[in-house]
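A.B. asks: Would you mind keeping the following structure in view while I ask a few things?
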């Protein structure tokens with residue numbers, strides 16, 4: 001993959017991930033849809049769109065996928081939805097991608113990947129930038145929602161790591177989404193007493209599944225084989241900043257000095273990791 005294409009696909013994927021935070025928060029806080037219904041519609045709409053795209057491209061219905069990857073995808077999506085009912089866009093994104101980063105960098109180091117001094121500086125700068133994003137005015141988030149979002153981040157980190165050896169991103173992503181269908185049925189049945197939805201909530205869930213999730217994850221699958229796990233983890237630190245900026249534009253959240261400083265720090269940290277020579 002050409003370097004320019006890699007950068008563009010990575011930027012689009014991170015924007016899609018950030019959009020998921022925005023869409024989920026908007027759905028659960030401004031519409032009547034419940035978390036289980038949002039999760040189910042998100043995954044099923046993503047599966048439908050990805051299957052159509054895959055079949056159109058290949059003229060075959062032989063999608064791939066993996067049960068463990070599908071389980072990780074479902075755990076991520078379900079915990080993500082239930083957590084965002086009590087978290088702001090920025091706090092949820094911080095917890096999510098902090099857990100993703102810890103999972104992926106920890107795995108990369110365990111497998112023998114090493115960061116040089118410039119890359120460590122980049123990681124630390126990006127992490128500090130995320131905390132600057134939450135300061136001042138940071139209040140301890142609800143414990144239950146925080147734990148759910150951390151579990152979601154670990155699951156997403158595992159899903160990303162499993163994607164690094166994939167040869168056909170569209171077939172693999174379509175297959176994984178399709179394999180979550182039985183899981184969504186079980187989740188909806190278990191949460192039937194909480195069932196509620198409306199047209200606006202359904203629309204946001206479909207956008208999250210068909211566009212931000214399905215297409216975004218396909219792009220990310222295509223990018224992952226070309227970057228190390230430690231670098232992939234650090235790149236994803238840009239998503240909370242993008243999510244916060246989206247909150248300013250689309251949800252009229254406040255534009256503060258710490259958001260600007262955090263944006264510069266995270267972008268600088270990611271740049272250091274991506275452009276430093278490997279050790």
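A.B. asks: Taking the residues in region 121-145 that are assigned to a helix (DSSP H, G or I) and surrounded by fewer than 16 Cβ atoms within 10 Å (Cβ to Cβ) as candidates, determine which candidate is modelled with the highest pLDDT. Steps first, answer last, please.
C.D. replies: Let us first name the residues in region 121-145 that are assigned to a helix (DSSP H, G or I), namely 121-133, 143-145.
Still in the list and also surrounded by fewer than 16 Cβ atoms within 10 Å (Cβ to Cβ): 124, 128, 131, 143-144.
Values: 124: 86, 128: 84, 131: 76, 143: 83, 144: 91.
That would be 144.
A.B. asks: Quick one: which of 12, 6, 28, 22 is surrounded by 19 or more Cβ atoms within 10 Å (Cβ to Cβ), closer than 23 Å to residue 235 by Cα and touching a residue at least 24 places away in the same chain (Cβ under 8 Å)?
C.D. replies: Working: 12 fails: surrounded by 19 or more Cβ atoms within 10 Å (Cβ to Cβ); 6 fails: surrounded by 19 or more Cβ atoms within 10 Å (Cβ to Cβ); 28 fails: closer than 23 Å to residue 235 by Cα.
Selected residue: 22, the only one of 12, 6, 28, 22 that is surrounded by 19 or more Cβ atoms within 10 Å (Cβ to Cβ), closer than 23 Å to residue 235 by Cα and touching a residue at least 24 places away in the same chain (Cβ under 8 Å).
A.B. asks: Still on this structure, please answer the following. Yes or no: region 42-53 includes at least one residue that is out of contact with any helix residue (DSSP H, G or I) (no Cβ under 6 Å at 6 or more places or on another chain), closer than 15 Å to residue 170 by Cβ, surrounded by fewer than 20 Cβ atoms within 10 Å (Cβ to Cβ) and modelled with pLDDT of 90 or more.
C.D. replies: For region 42-53, residues out of contact with any helix residue (DSSP H, G or I) (no Cβ under 6 Å at 6 or more places or on another chain), closer than 15 Å to residue 170 by Cβ, surrounded by fewer than 20 Cβ atoms within 10 Å (Cβ to Cβ) and modelled with pLDDT of 90 or more: present.
A.B. asks: Let me ask something else. May I ask you to verify whether residue 124 is over 19 Å from the mean Cα position of the chain (by Cα), in contact (Cβ under 8 Å) with a residue 24 or more places away in the chain and within 23 Å of residue 146 (Cβ to Cβ)?
C.D. replies: Numbers: over 19 Å from the mean Cα position of the chain (by Cα): yes; in contact (Cβ under 8 Å) with a residue 24 or more places away in the chain: yes; within 23 Å of residue 146 (Cβ to Cβ): yes.
Yes: the conditions hold for residue 124.
Conditions tested, residue by residue: (1) under 14 Å from residue 11 (Cα atoms); (2) without any contact (Cβ under 8 Å) to a residue 12 or more places away in the chain; (3) surrounded by fewer than 18 Cβ atoms within 10 Å (Cβ to Cβ).
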| site | (1), (2), (3) |
| --- | --- |
| 193 | no, yes, yes |
| 208 | no, no, no |
| 212 | yes, no, no |
| 219 | yes, no, no |
| 222 | yes, no, no |
| 240 | yes, no, no |
| 249 | no, yes, yes |
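A.B. asks: Kindly evaluate residue 112 against the criterion of being assigned to a helix (DSSP H, G or I), more than 12 Å from the chain's Cα centre (by Cα), free of Cβ contacts under 8 Å to residues at least 60 places away in the same chain and over 23 Å from residue 245 (Cα atoms). Walk me through how you get there before you give the answer.
C.D. replies: On the way: assigned to a helix (DSSP H, G or I): no; more than 12 Å from the chain's Cα centre (by Cα): yes; free of Cβ contacts under 8 Å to residues at least 60 places away in the same chain: yes; over 23 Å from residue 245 (Cα atoms): yes.
No: the conditions fail for residue 112.
The values are calculated or read from the model by the stated rules, or taken from the named source; none is laboratory data. Predicted model only: the values in this text are computed from it and were never measured. Virtual Cβ from ideal backbone geometry, glycine too; neighbours counted across all protein chains shown.
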